[in-house]
Amino acid sequence: MSTHAAAPERDRRTWTPALLPAAMVCLAAPVLFVVQIVWLGWIVLALAVASAVLADRLAGTPIVPPRGERPVPSIARDVFLIALGQFVVSLIPLKAELDNAAFVRFTLALGGAVLLPYVISRFVFRDRAIGFPWRGGGRWTWWQWAWLVGVIVLGWLILPFYFVTSGVYTNWPVVDTPELIGRLFIGVGAVGIWDELFFVCTVFVLLRRHFPDLTANLLQAIVFVSFLWELGYQAWGPVLTIPFALVQGFLFLRTRSLWYVVTVHLLFDAVVFGVLVHAHNPGLVPLFLV
């Protein structure tokens, strides 16, 4: 994490004026991606930023730090960055599609949602709040390797049952040719990597500058799960995606390694990919007995 990522845990409190804008910017996600009333979600984002400005003024925190001085965490700046990322994502439909136009839409929107907050934080706000520590935690420990095995086992035990019995696999396009299977593989993996870049390395990292780790993790999970809902993880999917989002935030704290949480996510997504291929082509992936 960046050098200005968060104050010590003992100095962060949940029940402060900053909680209102933080909660609002995260609760905009269900409006944007679950209820899908985009204009209302934009209003909630705007109100979140406005209330964050007020919270900074009440706390005496400069929104624009004087040049030459080290910036202190500002809830207005950080809520704005989270709101900006969600706004960019909301500009496109998140229905899973595999044509060239969909790949371009997703690349521009999801890429912009990560790149714009990073660039603004680093070069406009000059606080380097967002970082991507690929190998920040050093060598992996025995429990990290064990968890990778656990992810595969849990995915194999849970995901086929979820996708097939709920019927949510129909939220993804039919993949019945080698080209479509290849596109699905790339798409699932790319979105999985993006999830960690945005929800953990952007939303979570920004929120934990102001709140205890648990509070920040719970708030980022709201955004994470809402995005996955529109992407296709519906029905009783939140029963799976809420714990997954929280565990990913916890793992990032423990390991300080983006590479590790991305690896966990990709292993889980590898099972998702296998289930989706199997659901449309049962003979291709007989491992998944659904």
Practice task
Compute the projected area of the convex hull of the Cα atoms of region 107-166, averaged over all viewing directions, and report it in nm² to one decimal place.
Solution key: 7.2
Problem - Nitroxide proxy distance, nm - points 7 Å out along Cα→Cβ at Val124 and Val64 - result: 1.2
Exercise for the section: For the chain, with all protein chains present and a 1.4 Å probe, just round the carbon and sulfur fraction of the accessible area to a whole percent. Expected result: 72
Exercise for the section: Would you please report the Å³ per residue occupied by the convex hull of the alpha carbon atoms in region 1-153? Expected result: 177
Practice task
Please calculate the 1.4 Å probe accessible area of Ser51, with all protein chains present, and give it to the nearest 10 Å².
Solution key: 20
Completion exercise
Two pseudo-spin positions, 7 Å from Cα along C-beta at Leu54 and at Thr165, lie apart in nanometres by 4.6
Exercise for the section: Of the listed values (1) 14.3; (2) 16.4; (3) 15.3, grab the one calculated as mean projected area of the Cα convex hull in nm² from the structure here. Expected result: (3)
Exercise for the section: Hydropathy first: keep DSSP H helices in the chain averaging at least -1.0 on Kyte-Doolittle, then drop any whose Cα extent along the axis falls short of 30 Å, and list what survives. Expected result: 38-59, 142-166, 258-280
Exercise for the section: Would you mind getting me the FRET efficiency between Phe250 and Thr177? Use the beta-carbon distance for r and R0 = 45 Å, nearest 0.05. Expected result: 0.70
Problem - Estimated distance in nm for a label pair at Leu148 and Trp236, the labels positioned 7 Å out from Cα along Cα-to-Cβ - result: 3.2
Completion exercise
Once amide hydrogens are built 1.01 Å from N within the peptide plane, the residues lying 5 or more places from Gly137 or on another chain with amide H under 5 Å from its amide H are Ser257
Exercise for the section: Over the Cα atoms of region 24-76, compute the convex hull volume and normalise it per residue, giving Å³. Expected result: 78
Practice task
Multiply the residue separation of Leu157 and Gln36 by 0.36 nm, subtract the distance between their alpha-carbon atoms, and state the gained length in nm to one decimal.
Solution key: 40.4 nm
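The values are calculated or read from the model by the stated rules, or taken from the named source; none is laboratory data. These numbers were taken from a predicted model, which means no experiment stands behind them. Note: ideal-geometry Cβ built from the backbone for every residue, glycine included; neighbour counts use all protein chains shown. For the accessible areas, the whole protein counts, side chains as well, though only heavy atoms, and no ligand, DNA or RNA atoms are used. Shrake-Rupley method; radii C 1.70, N 1.55, O 1.52, S 1.80 Å.
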